[in-house]
Amino acid sequence: MCSMEISNIPLVGFCSKKEKALGFEIMKLEDLFLRQSNISPPINHPHRIQFHNILYITEGEGTHHVDFQPYVFTPGSLIFISRRQVHAFDSRPEIRGYLCMFTSEYLEKNLIHSDVVSLYRLYSYNLHEPVLQPEETAGEGIH
């Protein structure tokens, strides 16, 4: 992650070295948690992102903070974090899942207009809570 500070909340840009040209990256949460001692700002402190995130929780329960509000997650939860939102991870070792990060440019380049509009609706944080807990996936996960 690349960061700079604006108004006391660090700003984190999309900086994947291996996938930079694509503007898209998927990583295991446990891999992110293993690297957290080398990441600045700390992932469990509030930071504002300049890209979009989808977190998929496969194991563990906890709380993820989005715009300073706590949201409970369980296995099967999807957490949508929009560009410019502030969030902080609950980085306990028993939490497993995937983090999908992508830029707005990636969406505009790779999806047709109607798909982009549909995806952006998922990120309407004024209309919807960021955590989606589909009942059909509760307790099931990708392993």
- Beta carbons within 10 angstrom, averaged per residue: use that to sort the peptides 33-41, 91-99, highest first. 91-99, 33-41
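Stretch His65-Gln36 to full length: gain in nm at 0.36 nm per residue minus the Cα-Cα span? Can you show the working numbers first?
On the way: separation 29, 0.36 × 29 = 10.44 nm, distance 1.70 nm.
Contour length minus Cα-Cα distance gives 8.7 nm.
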- Alpha carbon centre of region 20-45 versus region 82-99: separation in Å? 9
- Three semi-axes of the equivalent ellipsoid, region 24-87, Cα gyration tensor, whole Å, largest first: 17, 15, 13
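Values quoted throughout were computed directly from the atomic coordinates according to the rules given, and no laboratory measurement underlies them. Quick caveat, the model's predicted, so the values are computed rather than measured. Using ideal geometry, Cβ is built from the backbone for each residue, glycine included, and neighbour counts are taken over all protein chains shown.
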